[in-house]
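Everything below concerns the one structure shown next.
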Amino acid sequence: MTVKFKAEPKADLEFEFPKKLNWQELDVQGQPLPIHMKFVDIIIERETDILLIEIKDPSNVLSKEKDQEKYCKRLLDNSVLKQDLTPKARDSYAYMHLMERDIKPFKYIVLLGLDAFEQQVQTAILTGFKDRLMSDIQNEGQGWKRKYIKDCAVLTVAQWNKVFDWPLKRISAQPQ
């Protein structure tokens, strides 16, 4: 038995999670968040760790080409990393800590839907992205005693399906 999940109604990416998987949608669309906090989309608690999963899909079939290009530039200049991804990791961890759910190491998974971009653009975006993200997270709070994210990964849809046993598909790519 599985459960299908989309992060928002107009999402073009759909996950298929086994019912027994311990997961939670953290950034629930339409649900107010604590002021100035940003949350990741999904939290998955596994036996040995907790995954904080953020979904960014500029390749959504509903995205306009000019919006895709604009987002691509933001990925390349690290503004998405600094303004969106790092704060979401920090705030999601803080929330889990305050809920007394930080009992296992945290790993941050950023899922980037890049299939609308040419391969050379994808390579330019992905090259070193994980290292820049991890560095930004670890160096954000000068003097912080706790390293709250143990590791991170930046995955495309194809990479997700190789790493995890939870199928992910692009809805618009499926035959009708």
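Points to keep in mind about this one:
- Taking a straight line from the alpha carbon of Lys130, these aspartates and glutamates sit under 16 Å away, with near neighbours fewer than eight places off in the same chain left out: Glu54, Asp77, Asp84, Glu140, Asp151.
- Model label sites at Leu98 and Lys6, defined 7 Å from Cα along the beta-carbon direction, differ in position by 3.1 nm.
- The range 20-128: antiparallel DSSP beta bridges as a percent of all, rounded to 5: 55 percent
- Taken about its Cα centre, the chain carries a charge dipole of roughly 220 debye when the Cβ of each Lys and Arg holds +1 and the Cβ of each Asp and Glu holds -1.
- Counted residue by residue at 0.36 nm each, then reduced by the alpha carbon distance between them, the extension gain from Ala158 to Ser172 reaches 3.5 nm.
- Sorted from longest to shortest, the spans of the Cα atoms of the chain along the three principal axes equal 47, 41, 32 Å.
- Accessible surface for Asp67 stands near 80 Å², nearest 10, in the context of the full protein assembly shown (1.4 Å probe).
- If you take the alpha carbon atoms of the range 59-156 and fit the smallest convex hull around them, that volume is 106 Å³ per residue.
- Viscosity 1.306 mPa s, 10 °C: Kirkwood-radius Stokes-Einstein D of the range 105-169 over Cα pairs, µm²/s: 120 µm²/s
- Ranking by accessible area, most exposed first, for Glu16, Glu69, Glu47 with a 1.4 Å probe: Glu47, Glu69, Glu16
- Our estimate of slack between Asp77 and Val61, defined as 0.36 nm per intervening residue step minus the Cα-Cα distance, is 3.4 nm.
- Scoring 140-146, 9-15 by mean Cβ neighbours within 10 Å over their residues and listing the highest first yields 9-15, 140-146.
- Cα centroid separation - the range 2-74 against the range 117-168, whole Å: 15 Å
- Per residue, the chain reaches -8500 deg cm²/dmol at 222 nm when only DSSP H runs of four or more residues are counted, each adding -39500 (n - 2.57).
The values are calculated or read from the model by the stated rules, or taken from the named source; none is laboratory data. Since the model is a prediction, treat every value here as computed from it, not as a measurement. Don't worry about glycine lacking a Cβ; one is built from the backbone with ideal geometry, like all the others, and counts go over all protein chains shown. What goes into the accessible areas is simple: the full protein's heavy atoms, side chains included, and nothing from ligands, DNA or RNA. Shrake-Rupley method; radii C 1.70, N 1.55, O 1.52, S 1.80 Å.
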